[in-house]
Structure formats: C-alpha cells, structure tokens
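The values are calculated or read from the model by the stated rules, or taken from the named source; none is laboratory data. Keep in mind that what you see is a predicted model, and the values were worked out from it rather than measured. All Cβ positions, glycine included, derive from the backbone under ideal geometry; neighbour counts span all protein chains shown. Just so you know, the surface numbers come from the protein's heavy atoms only, side chains and all, with ligands and any DNA or RNA stripped out. Shrake-Rupley method; radii C 1.70, N 1.55, O 1.52, S 1.80 Å.
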Amino acid sequence: MSSSPDHHYHAGTVPSEAERSRAYAEAYAAAQPDAGHRVVAVDLEASEADWNFVPGITTRAWSFNGTVPGPTIEATVGDVVEVRLTNKLREPTVIHWHGLRIPAAMDGTGMVQRPVGPGETFTYRFRLPDAGTFWYHSHFNETVQLERGLYGALVVRSADDPVFDADRTLVLDDVELEDDGQVKPPGWWIESHDGREGSIRLLNGMQEPQITMAAGQIERWRIVNASSARYVLLSIGGRAFNIIGTDGGLIGSPVSTQQMLLAPADRGDIAVGPFTEGETVRIESLPLDRGSFKRHKKPELFGTVHVSAAAPSVAQLPERLREIKPLVTGSVTPNREVRLGFSLGLKHGVEFNINREQHHHADPVRVGELQVWDISNRSPVHHPFHLHGFFFQVLEVNGEPPAFLSWEDTANVPAFGRIRIAWMPDDRPGEWMYHCHILEHHAAGMMAHFDVIP
Ligand code: C2O
Ligand code: CU
C-alpha cells in the first residue's frame, strides 16, 4: 500500500492527539442547523463492491454504500450534515469535503484527524454555509482509492436558486482496467508526469451512458470532474449553453459559451437546452493540450442526450444570478509566491514539488488578513491548484483578468504560466493545505500544508 501524501509531515507540525480531539469536539458541538433547518444524517460505508463500469465486465470497485459514485448528498444552506463513515476496507481512509467551508477539524485529511482504520467509524458533522455543487472523496492513498471509486457529489441548494425544469448531477471520471477487468494499479514515469488518464470514460459511474431529456426544456446540470488527471473541455454537442456557477456557487450573470474547461476537481453548473425532439446530443471533451505526453486528438465522449417528446417549461434564467464582490480592486502586491515545480527522481519518476520542496511546509496566514498569492507553474504541464476550506477569486491568468468573476476552490495554472488569486482567511483556524489535484502529482509531493492562526 502506498501511503497518503498527508503523512509526510515535517517534525513539529503534527498536532497532538489531545489537540485534535479538542478541535473536533468543538467543531462537532458548534455544528447546529439554522432555525427551520434540519440535520441530514447519512451513513457512508466504504467497502468493496462489484461494479460494472463497462457493461459485461465486473470490476472490484471501492465504493461508498456499494455504488460508484457514492450517494449524492443533498441538502440546503443552513442544514447540518452528519455523516457516519464506517470503514469496511482493508486499509485506512478519510473523507475530504471538497469545497466546503467548514472547520478544519472536519476537513477530512491526515493533517486534522487520524485516518479511519479498517473496522472503525468516524462521524463528520458540519453546517453547510454555501449553496453550490461540491463533492466528497477519499483523502488517503488517493491514486488508488479515488480511482477505484471512493467519491460522490454533494449538492447544496438555496431557496433563491434559479428555477429550471430539472436539476441533474453529472459526475465525470475515467478509469483504466486491466485485461482481467480490474482497476490498473498506479504506474510510474509517464503516469507520474501525466497523471492517470483512463481510457474508459464514465458519467455517473457508467461508460458513456445515454440520458433522456424532454424537448423544449432547460435543465441545470451540475458537472463534477472527479477524474484523477483528465482535463475536460466540456462541449454539449457544440451547442451554446450558459455557465451559471463554478466551484463556489453561482456567478454574477449567466455566461453563454460553447465550451467550459473543467480541470480535475472543478465543478461547473450550466443551463442546458432547449433541444428538439429526436435529437441526439453528445456530452464530450474537446481536444486540449495540457502538456501531457499522451495527447487527445479527437473529441472524447462521456455520454449522450436523447431528446424525447416536448414537455412544458417553467425554467427561467435570470439576468442576474447573485452579487459577487471583488476581494481586490485596483493594484495589489502579492504576499506569497507558490511555485509549482518538479525534479526527476527514482521514487515516482517525476517528483513534483511546491517551492522546491515535496510536501512543502508553508508559512501560516492570519485570520482576517487578505491573501494575494501568485501561483507560478515552472513545469511543462498544467496543474489544477486546489485550496482546502476557503474560496478564492482568480485575479489574473498569465497577466490577464479572467472572463468573469467567480468563487473557486480549484483553478488551472497553465504550463509555464501563472495565476494570481485572492482569498480571505475567515475565522476557522487550524491546519489546512493546498495542492495540485492531479492525484499523482499530489501524491508525489505537489502539496503544502499551513496553519490559519487567530
Ligand atoms: Cu479534492 Cu485535498 O482535495
Ligand atoms: Cu499537477
């Protein structure tokens, strides 16, 4: 078993077991639903299960509650989610709540809790502060555990969400199977450089399925890219669709486009349709050069939409979705540079690092002090930069402002490029981390942990 990247602590940074338990008990007690809201109780059992990624081939998957993806957890802003995780696997696991702004003690990493051993149970409890499309996944031995299926979506709705004819969650992933139908174990060299891109593309755990949508309707699709390394340049049959949300929820106004880049771990909420009866529309990823050895020359299919008979529509796409205030106006001096680099080595082949250090120990940040970080990529491949527990705004990509303002927890840093982000550490002190969300890069050491201090 390869170990979790979170385990390469630097001496002196590991909180004591007593400190961890205190922080956990406090966070648990503080998680109370708002007036009129509820506690959404979920039991998640991590266990092996037979799964048919490909029709006719049975694969031993690692699942939450026997399905891949695991169950979609659905709740409303102000609710409390209480998840009891039982580990029936033969190795430890933890669940990270990707994108949720919750206390550090509930973040589900090896920094803040002892991984949940085989046969053990651990309860996560937190209040949902934001509406949007999030996901949960194992944060232990990820190149194995996520690849085998330990992930699921978490959808948080709000009373003032725009109205659509349907609200669907589409979780994209890919998997590589060996001849015997079992998931291929992690590789070396090329895979350490590119990350794992499986040749079987999955939509909600099925290979290129067909979904049905009524003609004349407009649906909200919540897309989660749960792939280990695949960048999805999403196209819906070349049609125009509207981006309405990203990682951290709704954006200011709908953005009409024909494609949307979803790096690993990214989410995109889009308004799709209306289509005409009898049409077949492809959900696919367009060719994209991200600097990997393996190139995509053609569009690759994730699934198709079959358009059935027309149904009445109640969908309304408002011109304004919500107000996002910029964290920074005018010029600003960055207070941190995060350099994404690499060296060659024997352990992984390509040893990815941050500021020349694998599993970097970064300086703390203080609650209430605006953070402006330059994240520069000193390597020939794109990296999806993920910050745990806080949303950031992208100020610049290679010196240019992004097309629209949004809240993100994951953003692409182009090969040999640079992004500038801003974020505000609110009052949630503790141990946090940032890392590349290509799982092989994270495992090799392209990650940093740091404290938010009062
Ligand atoms: Cu989606 Cu550290 O993870
Ligand atoms: Cu990377």
List the GluC sites (Glu not before Pro) within region 346-393 that fall in a DSSP loop (any state other than H, G, I, E or B) and whose Cβ has at most 16 other Cβ atoms within 10 Å.
369
When DSSP beta bridges are limited to those with both residues in the chain, what percentage is antiparallel, rounded to the nearest 5?
75 percent
What would the Debye formula give as log10 I(q)/I(0) at q = 0.14, 0.19 Å⁻¹ for the alpha-carbon point model of region 203-319, no solvent?
-0.60, -1.08
Exactly which GluC sites (Glu not before Pro) in region 137-220 are in a DSSP loop and have at most 15 other Cβ atoms within 10 Å?
178
Quick one: what Rg and Dmax do you get for region 31-137 from the alpha carbons, in Å?
14.8, 49
For region 260-392, give the share of DSSP beta bridges that are antiparallel, in percent and rounded to the nearest 5; count only bridges with both residues there.
70 percent
What would the Debye equation give as log₁₀ I(q)/I(0) for region 317-454 at q = 0.15, 0.17 Å⁻¹, counting only Cα atoms as equal point scatterers?
-0.73, -0.91
Derived scalar couplings ³J(HN,Hα) [region 175-181; Karplus, 6.51 cos²θ - 1.76 cosθ + 1.60; whole Hz; x for Gly, Pro]:
8, 10, 10, 7, 4, 7, x
Once every DSSP H run of n ≥ 4 in the chain is given -39500 (n - 2.57) and the sum is divided by its residues, what mean residue ellipticity at 222 nm do you get, rounded to the nearest 500 deg cm²/dmol?
-1500 deg cm²/dmol
Between residue 45 and residues 5 or more places away or on another chain, the pairs with built amide H atoms under 5 Å apart involve 65, 86
Per the 1.4 Å probe, what fraction of the accessible area of region 127-170, in percent, lies on carbon and sulfur atoms?
45 percent
How much net charge surrounds residue 198 when only the other residues with a Cβ under 10 Å from the Cβ of residue 198 are counted, with Lys and Arg +1 and Asp and Glu -1?
-1
Just from the alpha-carbon atoms, what are the Rg and Dmax of region 367-417 in angstroms?
11.4, 35
Could you give the dipole magnitude of the chain about its Cα centre, charging the beta-carbon of Lys and Arg +1 and that of Asp and Glu -1, in debye to the nearest 20?
460 debye
Trypsin sites (Lys or Arg not before Pro) within region 62-123: DSSP coil, no more than 15 neighbouring Cβ in 10 Å
88, 90
Amide H proximity to residue 302 below 5 Å, modelled H, separation 5+ or other chain, gives 283, 284, 285
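When the accessible area of region 247-292 is computed with all protein chains present and a 1.4 Å probe, what percentage of it is carbon and sulfur?
Here it works out to 45 percent.
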Per residue, accessible area of the chain with a 1.4 Å probe, heavy atoms of protein chains only, in Å², comes to 38 Å²
Can you check what the Kirkwood hydrodynamic radius comes to for the chain, Cα pairs only, in Å to one decimal?
22.2 Å
Any idea what the dipole of region 311-454 comes to, in debye rounded to 20, about its Cα centre with Lys/Arg Cβ at +1 and Asp/Glu Cβ at -1?
220 debye
Here region 79-87 yields Karplus 3J(HN,Hα) values (6.51, -1.76, 1.60; θ = phi - 60°; whole Hz; Gly and Pro given as x) of 6, 10, 9, 10, 10, 9, 8, 10, 9
